[in-house]
Structures are given as structure tokens and as C-alpha cells.
Protein chains: 2
Amino acid sequence: MTSALDIVFAALADPTRREILRMLLEDDMAVTDVAEPFAMSLAAISKHLAILAAAGLISQEKRGRVKWCKLEPDALRAASVWMQSFGQFEPVNLDAFEAFLAQELHLPTDPEL
Amino acid sequence: MTSALDIVFAALADPTRREILRMLLEDDMAVTDVAEPFAMSLAAISKHLAILAAAGLISQEKRGRVKWCKLEPDALRAASVWMQSFGQFEPVNLDAFEAFLAQELHLPTDPEL
DNA sequence: CGCATATTCAACCGATTGGTTGACGATCTG
DNA sequence: CAGATCGTCAACCAATCGGTTGAATATGCG
């Protein structure tokens, strides 16, 4: 029953993992380089990266013996949408969501998706 | 060292707590009424509410013997700002909305979509 | 007062989390 | 090939999490 939102929010709830995401915002990085600024073992960082990857927040590609980590910001989209439903569309109930969805059908789809 | 962001994201990482927030979006509720639809003890819900309150996502005011719970959506702002730094996520994204409806509200997919 | 209602507290439990260390497989390099 | 580097795996640990139950604390009511 654990939804994607569970996993994404849980992944974001750790400051080390958020800092890793911030680092990856600037450029792709190897696991060892991700670990370098942190005062913890490489294995610990490797676990954090696995959690971020499981949440879809990063992707990892192995080239040679180096595993490159790449930010995947689209994974934040569902979480962002969930949060927006509280601020911007108040009051939001199920009917409002459905009405909103119907209204959005007339808008062009983002081609980058 | 645990930042406000840690606490907010951790609070959001539980489906019971997200459902509580969704319920409170419609109206303020007493603790007992919040607990009613869930298949768990009142004490468990009381704990969940304490976690939401600690994150600032709800406020609780006792009137008589009833403790009223009120959504405080402003607490989502810091988290939202953090996420926006990774790219602008249109809150009105159709795909994300479909995912949201399917996962969180357990609605059948509209065949016309 | 005496009882029901609303909520929390305290103790406990099993599962998960975030970290460690040491061994290991895989890959590059001299 | 031998040795160094990259990263994960496995076992372990203390702390936290999400739940339970039963007792306790307020508060409202007849």
C-alpha cells in the first residue's frame, strides 16, 4: 500500500539526501565524489543514493567502475502537485479535483513529459 | 540539527497523515472524528496528530473536552519552496494529477482521458 | 455526585532507519 | 599479473517509528 508519495517524501525527509540532491543540481557526480563532503562512510552514502534512486529522484548509470548519479527532478512533480492542492486550490474536495481535472483537459500537454 | 524541512517531509511521508490533512482540508475536526474512518486506535491517531502539529501542518485548540484540529497549509510553504528550486512544477500538470487521483484517492481512471 | 465522553499518557512491541565495519566483486592501470 | 580504486553487500547496532493496550486526566451532563 505504500504509494510513490510515501517513498518520495521519506527520501526528502533526510538532510543528507536533500544535500545530495542539491549537489546533483549542479552536475552529475560519481558516488565517491558525492560522498566526499560528508562525514560518514561511503557505504552510508551508497545507501542514501539507493534510497534516492528508489524514489526516482536520481538515476544511476555505471560506466566502467564509476557509477554516475543524475538528478531526476521530475520525480518531485507528484509531491509538488500534492502540496499545491493545499495552498492554492482551497477549499479542495474530491469534486473540486475532478472539476479541475476536467478543466485541464483543454490545455496543451507539456511536450517535455 | 533536524531542520523544519526534515520534520515536515517526515510528517508527509505517511499515508494516514496525508489522508488526515486531506480530511482537514474540508473542515476542522475533533480528534475522535478524525480517527473514525481509520482502522486503528484513537491513541494512534492522537500520535499522528501530534506529529502533524509538531510539523506545524495543523493546529489544535481545545474547547471544552473537545480538541479541534485545523489545517495550517502555510507550513507547506518552506517545503514547496525547497522543491521549486529543482525546477518549476506546474501544479496543473495533467499526468501528475492522474497519478495523484489514482494513488491517493483510489478513483477509477476516467476512460475519456 | 456519578457516569459517560474526549483525549492523552505510559509501557510495550516488532519493524524500519541511519549509521558502522569488514569483506567482497568488478574494473582500471602499471 | 599485481595492486589500487569504485562501489556494494552482509552483519551488526542504537534509535526511532507506527502500532497496541490499559490506565489516567479532563470535561460535560443528568
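The values are calculated or read from the model by the stated rules, or taken from the named source; none is laboratory data. Not measured: the values here are computed from a predicted model. As a convention, Cβ positions derive from the backbone with ideal geometry for all residues, glycine included, and neighbour counts pool all protein chains shown. Note: accessible area is taken over every heavy atom of the protein model, side chains too, but ligands, DNA and RNA are not part of it. Shrake-Rupley method; radii C 1.70, N 1.55, O 1.52, S 1.80 Å.
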At 1.4 Å probe size, with no ligands or nucleic acids counted, give the accessible surface of B:Trp82 in Å², nearest ten. 40
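If you take the beta carbon distance between B:Asp28 and A:Asp33 as r and set R0 to 41 Å, what does 1/(1 + (r/R0)^6) give as a FRET efficiency, to the nearest 0.05?
0.25
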Largest first, what is the accessible-area ranking of B:Val81, A:Val31 with a 1.4 Å probe? B:Val81, A:Val31
Residue by residue, what Karplus-based ³J(HN,Hα) values in Hz, rounded to whole numbers, does the stretch A:54-62 have, using 6.51, -1.76 and 1.60 with θ = phi - 60° and x for Gly and Pro? 4, 7, x, 6, 9, 10, 10, 10, 8
Which residues' amide hydrogens lie under 5 Å from the amide hydrogen of B:Trp68, considering only partners 5 or more residues apart or on another chain, with H built in the peptide plane? B:Glu61, B:Lys62, B:Arg63
Which log10 I(q)/I(0) values, to two decimals, does the stretch B:4-85 give at q = 0.11 Å⁻¹ under the Debye formula with one point per Cα? -0.27
With x for Gly and Pro, the residue-by-residue ³J(HN,Hα) of the stretch A:12-23, computed from phi through the Karplus equation 6.51 cos²θ - 1.76 cosθ + 1.60 at θ = phi - 60° and given in whole Hz, is 7, 7, 10, x, 4, 5, 5, 5, 4, 4, 4, 4
Inter-copy distances for B:Ser59, nm, shortest first, label points 7 Å along Cα→Cβ, are 4.5
What is the local net charge at B:Val66, summed over the other residues whose Cβ is closer than 13 Å to its Cβ (Lys, Arg +1; Asp, Glu -1)? +2
Log entry, pair A-B: total buried accessible area, probe 1.4 Å, protein chains only, in Å² rounded to 100, is 3900
What nm value, rounded to one decimal, do you get for the distance between B:Ser41 and B:Glu19 when each label is placed 7 Å out toward the C-beta? 1.9
